[in-house]
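Read-outs throughout are calculated quantities, based only on the coordinates presented, and are distinct from any laboratory measurement. This structure is a prediction, so every number in the text was calculated from the model and none was measured. With ideal geometry, Cβ positions are generated from the backbone for all residues, glycine too; neighbour counts draw on all protein chains shown.
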Amino acid sequence: MSLLVLALAASFALSPFFVTSFQGIDPKLYPVPQVDPPVQPAGWAFAIWGLLYLWLIVMAGFGVLRRAGDADWQATRPPLALSLSLGTFWLAAAERSPVLATAMIWLMLLAAVLALLRAPQLRDRWWLGMPLGLYASWLTAASCAGLGLLGAGWGIGPGEIAWAYVGIALATAIGGAVLVARPQSWGYGAALIWALAAIAAKNAETALPVAGAAGLAALAVLTLLLLRGRR
């Protein structure tokens, strides 16, 4: 399993090289084209993927060399392998079908959160807990944004602003639940704050209420992280 996770982490990191230049899901793939939707973070926020790819590979490599038979690490590997295998094909799916891409990223999220919940709280925090937390957290934000895009893109409800609120609220609720269950998951909290802050920054000039909601959500996650983490 340790070798499988390493291979999947590498294939996940290499997957962008096997698709055309991906700049997000094509707005024209939605019945109501989603051009610069408010539920998405600012473009600079996606730079976190470089850190995620690298840290996941380092984590998996350490697991092969030093924790191949470790019971705590073994418990995380089946759900993580599932998440990474889906992630390897996610960009290819996102180029073709927003519905398929959204379904896949929610499955990736559920598997990644399960892996995080199975990881030890303190032992090997930097080798296992932090990269798992960052990965699961960014998937939390991405899954909720994808749901918002799907709802607005299919014309469900009052429009993209309302779906931005839904995405922010859902990401905050999921994030809060994970941080209650894993109070010292600093990686999870940090990446979710990063995503919410990026949504706030993007909407600061065009949709101030959405920016305010995202900013308050980031503050709420930070407060919970500090209070629970100290305990």
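Annotations
- Between 0 and 90°, nearest 10: helix 2-14 axis offset from the chain longest Cα axis: 30
- Percent of Cα pairs exceeding the 17 Å cut-off, where the set is region 173-220: 34
- Between the listed residues Gly151, Ser185, Ala213, the Cα displaced farthest toward the positive end of the dipole of the chain, a dipole computed from Cβ unit charges relative to the Cα centre, is found at Ser185.
- Residues Ala42 and Ala177, FRET efficiency given R0 of 30 Å [Cβ-Cβ distance, rounded to 0.05]: 0.70
- From least to most packed, judged by other beta carbons within 10 angstrom and beginning with the fewest, Leu6, Leu139, Leu51, Leu227 follow the order Leu227, Leu51, Leu6, Leu139.
- Helix 48-66 and the longest principal axis of the C-alpha atoms of the chain enclose an angle of approximately 20°.
- Put in line by how crowded their Cβ is, counting other Cβ atoms within 10 Å and starting with the fewest, Ser185, Ser97, Ser2 read Ser97, Ser2, Ser185.
- GNM on the chain, alpha-carbon springs under 10 angstrom: the most fluctuating residue among Leu128, Leu196, Leu91 is Leu91.
- Assigned charges on the beta-carbon of Lys, Arg, Asp, Glu; the chain dipole about Cα centre (debye): 740
- Label selected from (1) 20; (2) 49; (3) 16, the criterion being percent of Cα pairs over 31 Å apart as computed here: (1)
- With distances taken between every two different alpha-carbon atoms, region 13-139 has a Kirkwood hydrodynamic radius of 15.7 Å.
- The length gained by stretching the chain between Leu54 and Asp26 to full extension, at 0.36 nm per residue less their Cα-Cα distance, is 7.4 nm.
- Nearest 10 degrees, 0 to 90: helix 98-118 Cα axis against the chain principal axis: 40
- Each label was represented as a point 7 Å from its Cα along the Cα-to-Cβ direction; for Ser11 and Ala71 these points are 3.0 nm apart.
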